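Here's the structure we're looking at; comments come further down.
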Amino acid sequence: MISACTKHSLFSWSATGKVDPLPIHRAEGIYLYGPEGQRWLDWNSQLMSVNIGHGHPKVIKAIQDQAAQLAYAYPGMATEIRAKLSLRLAELVPGDLNTFFYTLGGAEANENAIKAARLFTGRNKILVRYRSYHGATHGAISLTGDPRRWPTEPGMPGVVRVMDPKPYDYSFGNTDEDIVRNNLTYLEEVIQYEGPKNIAAMFIETVTGTNGILPPPKGYLKGLKSLLEKHGILLVTDEVMCGWGRTGKLFAFQHGDIVPDICTMAKGLTSSYLPLGVMAVSDRIANHFRENVFWGGLTYNAHPLCLACALAAVNVLVDEGMVENAARMGTVMRGHMERLATKHRCIKEHRNIGLFGTIELCKNSKGDRLVPYAGSHPVMAHLGKFFKDNGLFTVLQWSTVMCNPPLCINESQMAEGFGIIDRGLDLVDAVFEG
């Protein structure tokens, strides 16, 4: 299995000759199983995406039923499942985000949000933040702030990058109020330099994902929305990773009591049983495109199988109380993290909002990060192997250990995962300096 995969397929973000992929045969609930009976706790919901857990029978049946009825329809056709999902999303997505463009993933949703923002405003520039990830396609990787964009540059023109509310290393501001005030003052200065009349939108991950699980400071979202509205700039919230219950609310922007102009989503929308992304637009933008052409199209736009999967997955998420469970288990997760932080010298910081969490590691008593920005440290490879050998699958990103299990997890399973992490962190403590 492994040799055929590595010989005849390319792996993302990797030199194929150096990958050591996990051999997966099946999955159920929060567990992954190998062909020889191995079992791993899926501590990252694969790519922060299998929100309802693996193998839910209601979703599988919905896919099967749709395949038997209508497996594919040309995007210009109206289908029953397109109507049903669109009505359900209009019910669930807050505010006036009532109109949806269906894609095959989050990157495509962001690509089309770029188009929609530019076409609607007649402006070209897009504001983005450095600690962000928006996808790997041409436009989306240009919006991305992290080092994965470097090999693709110069990329799409018109992108203006700004600092995040809390910079990577910061010494100013001890309160959320200070941080928000300083950042928005700086942001408005950038807007003036770039010309407000030239800026179509600002894209943000509402809660930054792979670049550190960074919830926004209190007051930031409201302040940002107000500042952008002042200059006629649209706010696009990328909820591909943080949406659909991950943070303990259906959408992360609800924590800030705002509604964006455009919201992009994917991952948890289908729990990744099938590929689907969505760009949700406000009534104001939707009405514009009732009279003006939206210059976007995909062969698999509104694919019936994917839509049926999404409708079933969303209903499972809501009807089985998984959003509420994410909020409750988020408190349990924080308790485990606090316990580990008192035990392990190598823990610099831990963060979580709902079941969107991370543990950040340091290398010395000064609190320097274990891994420099875009760098590496040998112990992280040993830590990853320890987790794999001891039944835990997760993602290690620079100095962080991702903690993003499926939203159906219970307290005993949570304790199981943190027990493995607890033992693994002894490896990092062993190389702690001072």
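The values are calculated or read from the model by the stated rules, or taken from the named source; none is laboratory data. Everything numeric here is computed off the predicted structure, so don't read it as measured data. Cβ: placed from backbone, ideal geometry, glycine included. Neighbour counts: every protein chain shown.
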Applying the selection to segment 183-205, what residues are in contact with a strand residue (DSSP E or B) (Cβ under 6 Å, 6 or more places away or on another chain), over 21 Å from CYS242 (Cβ atoms) and not hydrophobic (A, V, I, L, M, F, W, C)? GLU194, ASN198
Taking ASP176 and the conditions (1) closer than 30 Å to ASN315 by Cβ; (2) surrounded by fewer than 17 Cβ atoms within 10 Å (Cβ to Cβ), which numbered condition does it fall short on, given that it satisfies the others? (1)
With the requirement that a residue be assigned to a loop (DSSP other than H, G, I, E, B) and either farther than 21 Å from ASP42 by Cα or acidic (Asp, Glu) (or both), what does segment 239-275 give you? GLU239, LYS249, LEU250, PHE251, ASP257, ILE258, VAL259, PRO260, ASP261
From the options GLY76, GLY17, residue that is assigned by TED's automatic domain parsing to the domain that holds TYR133, of a type outside the set (Phe, Trp, Tyr) and either touching a Ser or Thr at 6+ places or on another chain (Cβ under 8 Å) or not in a helix (DSSP H, G or I) (or both): GLY76
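Which one is nearest to THR210 (Cα to Cα) among residues in segment 228-260 that are in contact (Cβ under 8 Å) with a residue 40 or more places away in the chain and among the aliphatic types (A, V, I, L, M)? If you could, list the steps in order and put the result at the bottom.
Keep residues of segment 228-260 that are in contact (Cβ under 8 Å) with a residue 40 or more places away in the chain, which gives 231-234, 236, 238, 240-242, 244-256, 259-260.
Now drop any that are not among the aliphatic types (A, V, I, L, M), which leaves 233-234, 236, 240-241, 250, 252, 259.
Values: ILE233: 26, LEU234: 24, VAL236: 18, VAL240: 12, MET241: 9, LEU250: 20, ALA252: 15, VAL259: 23 Å.
Per the criteria, the residue is MET241.
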Given the residues VAL316, VAL278, which is the only one that is touching a helix residue (DSSP H, G or I) at 6+ places or on another chain (Cβ under 8 Å) and in a helix (DSSP H, G or I)? VAL316
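Could you grab me the full set of residues in segment 1-50 that are among the β-branched types (Val, Ile, Thr) and either in contact with a Pro (Cβ under 7 Å, 6 or more places away or on another chain) or in contact (Cβ under 8 Å) with a residue 12 or more places away in the chain (or both)? Give the derivation first.
Taking segment 1-50 first, the residues among the β-branched types (Val, Ile, Thr) are 2, 6, 16, 19, 24, 30, 50.
Matches in segment 1-50: ILE2, THR6, VAL19, ILE30, VAL50.
Could you identify the single residue in GLY375, GLY391, GLY354 that is of a type in the set (Gly, Ala, Ser), farther than 14 Å from ILE421 by Cα and either in contact with a helix residue (DSSP H, G or I) (Cβ under 6 Å, 6 or more places away or on another chain) or modelled with pLDDT of 95 or more (or both)?
Of the residues listed, the single one that is of a type in the set (Gly, Ala, Ser), farther than 14 Å from ILE421 by Cα and either in contact with a helix residue (DSSP H, G or I) (Cβ under 6 Å, 6 or more places away or on another chain) or modelled with pLDDT of 95 or more (or both) is GLY354.
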Any residue in segment 87-110 that is within 20 Å of SER271 (Cβ to Cβ) sitting within a Cβ distance under 6 Å of a residue that is among the polar types (S, T, N, Q) and assigned to a loop (DSSP other than H, G, I, E, B)? List the pairs, counting only those 6 or more apart or interchain. TYR102/ASN301; ALA107/THR137
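Has segment 310-321 got any residue that is touching an Asp or Glu at 6+ places or on another chain (Cβ under 8 Å) and outside the structural domain of SER49 (by TED's automatic domain parsing)? Let's see the steps before the verdict.
The initial filter retains those residues of segment 310-321 that are touching an Asp or Glu at 6+ places or on another chain (Cβ under 8 Å), namely none.
Within segment 310-321, none of the residues are touching an Asp or Glu at 6+ places or on another chain (Cβ under 8 Å) and outside the structural domain of SER49 (by TED's automatic domain parsing).
Check ILE204, ILE191 and return the single one that is under 22 Å from GLY139 (Cα atoms) and assigned to a helix (DSSP H, G or I).
Values: ILE204 fails: assigned to a helix (DSSP H, G or I).
None of the others qualify; the one that does is ILE191.
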When every residue in segment 43-91 that is among the polar types (S, T, N, Q) and on the phi < 0 side of the Ramachandran plot is compared, the one farthest from the chain's Cα centre (by Cα) is GLN69
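Can you name every one of the helices (runs of 4 or more DSSP H) wholly within segment 319-434 that holds 3 or more residues which are crowded, with 22+ Cβ neighbours inside 10 Å? Steps first, answer last, please.
On the way: elements: 322-343, 378-389, 411-429.
The qualifying helices (runs of 4 or more DSSP H) are 322-343, 411-429.
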Read through the list (1) closer than 22 Å to LEU250 by Cα; (2) in contact with a helix residue (DSSP H, G or I) (Cβ under 6 Å, 6 or more places away or on another chain), then give the number of the only condition that LEU47 fails. (2)
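Would you point out which residue out of LEU85, LEU47, LEU70 is surrounded by 18 or more Cβ atoms within 10 Å (Cβ to Cβ) and not basic (Lys, Arg)? Can you show your working first?
Working: LEU47 fails: surrounded by 18 or more Cβ atoms within 10 Å (Cβ to Cβ); LEU70 fails: surrounded by 18 or more Cβ atoms within 10 Å (Cβ to Cβ).
Result of the check over LEU85, LEU47, LEU70: LEU85.
Can you name the residue in segment 210-236 that is in a helix (DSSP H, G or I) and surrounded by fewer than 16 Cβ atoms within 10 Å (Cβ to Cβ) and, of all such residues, is farthest from the chain's Cα centre (by Cα)? So that I can check it myself, show each step before the final result.
Quick first cut of segment 210-236, residues in a helix (DSSP H, G or I) only: 220-230.
Okay, now just the ones that are also surrounded by fewer than 16 Cβ atoms within 10 Å (Cβ to Cβ), so 222, 226, 229-230.
Numbers: LYS222: 21, SER226: 24, GLU229: 25, LYS230: 28 Å.
If we take residues in segment 210-236 being in a helix (DSSP H, G or I) and surrounded by fewer than 16 Cβ atoms within 10 Å (Cβ to Cβ), then LYS230 is farthest from the chain's Cα centre (by Cα).
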